[in-house]
Every structure is written in structure tokens, then in C-alpha cells.
Amino acid sequence: GAVVSQHPSRVICKSGTSVKIECRSLDFQATTMFWYRQFPKQSLMLMATSNEGSKATYEQGVEKDKFLINHASLTLSTLTVTSAHPEDSSFYICSASEGRGLVETQYFGPGTRLLVL
Amino acid sequence: DAKTTQPPSMDCAEGRAANLPCNHSTISGNEYVYWYRQIHSQGPQYIIHGLKNNETNEMASLIITEDRKSSTLILPHATLRDTAVYYCIVRGPSGGYQKVTFGIGTKLQVIP
């Protein structure tokens, strides 16, 4: 299957700083990427949809000015958590869509664990 | 996307087949059934998908009922590494914006 990578895999930062997470599709081009957040013992929650060359679409309740998304190329999307606070500590996962024929399948990255002190 | 219903947890003996059910009674004619799994502290892993025919790959088999209102994911010989949360998702075919909404899934525990 297609491979999606994320960097970094783990990050610890101080409260008030910004953290950038990269999501890359390694062997395919993805016009659409998705960003999820997962708190302990909960399911994945979709944060936003990232479209190459256009603004991201955010889910209800997700602050677009706090979670900045940039999808500058067909293989790279970035999520920047601005002015991070301890409540932003979570597991952030991206996914990228690969279309083969008429069917599009989402492949997920390994996730980035963010801890804000 | 249609809603899915899965049992919250299941146990399976190592080496035996694991049969994970999913109900999707409101599925539309052009919606596919996808299965993913998430092993602890990792991103979800794609397993298999199907429209109406049964599907098999190196990981699992997917059995979809004739009326398409339910499906079963089969892991033919479960190993301890198959312990994970399994998600059944229904979504439309390709075409731009196709977000995936995750439910709570089924937590499969493979027992030695």
C-alpha cells in the first residue's frame, strides 16, 4: 500500500511556543490530506481537510488560527499548532488520499505525539 | 456517509479465525465498506475495502451480505500482533473531498 510519513514522531515543547508537524505522501501524489487528533482512549477526530493549493476546510469547533494548515505541494501538508498549551497535548495523525481508478483510499501516517509542558 | 455499528470489544484465541461484524443498514448504492485497524500508539492501517462482492487480500477477507446492510472482516489465523482497534467505515467513491469519520471501533484482543 501507499506510504505516508510524519515528522516528528514525538515532540515536547513549552507552553506558548509553536510546533510544526509535516505529513508527506512518499510514493504518490495527494491532492487531499486530512488531519486528525486523538486523545487517550478515544477515537480519531477529524480536524481539517487540506487541499493542495487552496485553503483548508476546518471541522466545527477547530480554531483555524490556532491550527494552521499549509498544503504547498502534492506530497506535503503541514500542521502548525500555534501558541501551544497543555490542553493541545495529543496524538496528531495525518492521512492522504490515493486514487486508483474509481476508488480513492486513505492512507494514514504513523502519528505525532505532542506534549506541551 | 452512512453510519456503522460495531461491537465495542471481542476476544479471539491465537491461531483461530477472528470474525469482526459491522452493521451499515443505511449504506447507499455507491458507498464502499472500508476496514482499518489501529494498533496502540500508531496511525490507522488500511486493511481492505469492498463494494458488494467479497474481497480477499494478504491481510484479511471481507464478506458483504447481499443486501449490503452488514459485513464481516475475517482474519483467518489471528496472531498476537493482530490485537488492535478495528474500524469499519462506509464512504463514497473517489471525487475530491471524502473525509472519513471514525466511530469507536471494535477492540480485538487476541489471547495466547
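The values are calculated or read from the model by the stated rules, or taken from the named source; none is laboratory data. Because the structure is a prediction, the values reported are computed rather than measured. All Cβ positions, even for glycine, are placed from backbone atoms using ideal geometry, and neighbour counts span all protein chains on display. Just the protein is used for accessible areas: all its heavy atoms, side chains included, with ligands, DNA and RNA removed. Shrake-Rupley method; radii C 1.70, N 1.55, O 1.52, S 1.80 Å.
Points to keep in mind about this one:
- Qualifying residue in region A:9-16 (condition: touching a residue at least 24 places away in the same chain (Cβ under 8 Å), open to solvent by 50 Å² or more (accessible area, probe 1.4 Å), of a type in the set (A, V, I, L, M, F, W, C) and outside any strand (DSSP E or B)): no
- Count of residues meeting criterion [farther than 17 Å from A:G111 by Cβ and in a loop (DSSP other than H, G, I, E, B)] in region A:31-58: 6
- Looking across B:S61, B:S41, one residue alone is open to solvent by less than 70 Å² (accessible area, probe 1.4 Å), without any contact (Cβ under 8 Å) to a residue 40 or more places away in the chain and on the phi > 0 side of the Ramachandran plot. It is B:S41.
- Unmet requirement for A:Q29, which otherwise passes all of (1) at pLDDT 95 or above; (2) in contact with a Leu (Cβ under 9 Å, 6 or more places away or on another chain); (3) under 22 Å from B:Y36 (Cβ atoms): (1)
- Boolean, B:C12 is over 22 Å from A:T105 (Cβ atoms) and open to solvent by less than 50 Å² (accessible area, probe 1.4 Å): yes
- Options B:S28, B:S71: the member that is in contact with a strand residue (DSSP E or B) (Cβ under 9 Å, 6 or more places away or on another chain), modelled with pLDDT of 95 or more and away from every other protein chain (no Cβ under 12 Å): B:S71
- Here A:S97 does not fit the description of being facing chain B (nearest Cβ under 10 Å), within 30 Å of B:S9 (Cα to Cα) and not in a strand (DSSP E or B).
- Members of region A:55-90 that are of a type in the set (F, W, Y) and open to solvent by 30 Å² or more (accessible area, probe 1.4 Å): A:Y58
- Each residue in region B:66-90 was checked for being open to solvent by less than 50 Å² (accessible area, probe 1.4 Å) and of a type outside the set (F, W, Y), and 15 pass.
- A:F108 fulfils the conditions (1) within 13 Å of the chain's Cα centre (by Cα); (2) open to solvent by 10 Å² or more (accessible area, probe 1.4 Å); (3) away from chain B (no Cβ under 13 Å) except for a single criterion, (3).
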